[in-house]
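Below is one structure, written out as structure tokens, with a few remarks after it.
The values are calculated or read from the model by the stated rules, or taken from the named source; none is laboratory data. What you are looking at is a predicted structure, and each value in this text was computed from that prediction instead of being measured. No Cβ is skipped: glycine too gets one built from the backbone with ideal geometry, and neighbour counts run over all protein chains shown. What goes into the accessible areas is simple: the full protein's heavy atoms, side chains included, and nothing from ligands, DNA or RNA. Shrake-Rupley method; radii C 1.70, N 1.55, O 1.52, S 1.80 Å.
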Amino acid sequence: MLFNDTTAAIAKAIFDGHISQVTQARKQDAAKRLDYYHDGQLEHLKTMLEQRFAQPEKLTPLFINVVKKVVDLRAMVYTEEPKRQIDGTDADKALFAEIVEDAALSTRMKQASRLVKLLKTAMVRPVWRNGRLDLDLLTGDILDVQVGDSPEDITAICVSHFPEAGRTEEMTYSVWTPTTWERLDYRGRHLDGGPNPYAPVLPFVALHDRAPTDSFWLPGGDDLIVAQEAINNMLVGLLQTVDAQGYGLGFVRGAGSGGGQLQAGPGSLIELPEGGEVGFAAPQAPIEEVTGAIDRIIKWLAVSNGLPAASLSTDPTEESGVSKIVGNRELEELRRDDVSLWRTYEKRLFQVIRQVWNHHNPTRKLSEAATLAVDFADPKPAVSSLDQAKEWELLIGLGLMSPVDAAMERNPDLSTREDALAFLLTVQQERAALTEKVI
């Protein structure tokens, strides 16, 4: 029995939305993007070839994963682990450090940032599982969301649970509202439920690639998928062309007009009329033109996504690493926008984590007054050790940094200024001892 008529109406509304054609199309698109990102493009490519060619089995599928490359390069917020500082009691700091480690917070948030670049909208859910706090990343292929007056006013969330056996009748759905949760079967019938244990907080945090204005599910990113499919199609054609160019095509001239085929091999003799000819012809295929077109499309795709063309270059002499990114004013501005969003998401996540943690740990609570500050690192171009030392020496001489700053930058394991100072004092003592021995 449902808890009340309001709860029943919410569950029915979100379930009816789940089975609508528009929702199913959105979920299929999300699932396809995830396949493309996770190197699952082969089946999609085979389907495309079956739709375009009468004998697709004679074609050899070939793809390169441009989607993953572009997405990972654009997801720049977590290139380095951010510094998270709790403003609260020592107990708050110790508890949050435990949560960060158990939940692999930085790793999960880096994954989340990439999923958001790919899908434009996703969710992260703090969940208490096996005696510790964990983080689940939820994507649009398994999510339905009901909103109120604005895209950020979430009133209900439905999560699809797919069975390992893959049988439809074993599917279930979890419907959450600020006050209740409910488990439904594959037909939308009530199985289980009760009050939301974290009320009035929904144990989810919505993540968007940009601030939503008129829809919870942000559009965008189609260019990446369309370009990937075009590249895959050209690669298949290129491979077929290279095969034909390499093996050549046999021909016979002057053997009559029967239109049949001659089967010949080593040691075979073929009788031809006067002037007849047997040979192989190599087609003049535009291989370089096709490879050039593929390279051009990939670079156009990079530029249209704010990346320098060199970031997707296969030329080993091109710039590499962070140096491709730093100095690109457009990309740096895009990253600043992303950092502003993800700083907000980290703070919202902290509030939900506290609600979930405190419910399951009544004797070890995070205090309500505790707040989180997040400092995202700025990417820096790769420089030689000598150039870096000269830069530090100059900044120290100008009084703009201290040796402690240089030590912490050189060795990230020196997480506090006290650790860095102790390290420098040890080095100073060792140098003094060595100097005395030499004298």
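Details
- Answer residue from region 167-180, given it is open to solvent by less than 60 Å² (accessible area, probe 1.4 Å) and either without any contact (Cβ under 8 Å) to a residue 60 or more places away in the chain or more than 20 Å from Gly148 (Cβ to Cβ) (or both) and is farthest from the chain's Cα centre (by Cα) among those: Pro178
- Among the residues making up region 396-412, those that are under 37 Å from the mean Cα position of the chain (by Cα) and either among the basic types (Lys, Arg) or open to solvent by less than 70 Å² (accessible area, probe 1.4 Å) (or both) are Met401, Val404, Asp405, Ala406, Ala407, Met408, Arg410, Asn411.
- Among residues of region 12-30 that are within 22 Å of Trp176 (Cα to Cα), those with a Cβ under 7 angstrom from a residue that is modelled with pLDDT of 70 or more and of a type in the set (A, V, I, L, M), sequence gap 6+ or separate chain, pair up as Ile14/Ala156; Ile14/Val175; Phe15/Leu184; Ala30/Leu119.
- Taken over region 125-145, the residue count meeting the criterion of being farther than 18 Å from Phe162 by Cα and touching a Phe, Trp or Tyr at 6+ places or on another chain (Cβ under 9 Å) is 4.
- Residue in region 201-218 that is at pLDDT 95 or above and more than 30 Å from Lys32 (Cβ to Cβ) present: yes
- In region 227-237 there is no residue that is free of Cβ contacts under 8 Å to residues at least 40 places away in the same chain and over 22 Å from Ser113 (Cβ atoms).
- Condition broken by Leu118, with the remaining ones in (1) part of a helix (DSSP H, G or I); (2) within 14 Å of the chain's Cα centre (by Cα); (3) closer than 19 Å to Arg343 by Cα satisfied: (3)
- Exactly one residue among Asp185, Asp153, Asp141, Asp149 is open to solvent by 20 Å² or more (accessible area, probe 1.4 Å), in contact with a strand residue (DSSP E or B) (Cβ under 6 Å, 6 or more places away or on another chain) and not polar (S, T, N, Q), and that residue is Asp153.
- Residues that are charged (D, E, K, R) and out of contact with any Asp or Glu (no Cβ under 7 Å at 6 or more places or on another chain) were ranked within region 83-98; the one that is least open to solvent (accessible area, probe 1.4 Å) is Asp92.
- Residue selected from region 99-126 under the condition of a type in the set (D, E, K, R) and either modelled with pLDDT under 95 or under 22 Å from Glu80 (Cβ atoms) (or both), by the criterion least open to solvent (accessible area, probe 1.4 Å): Lys117
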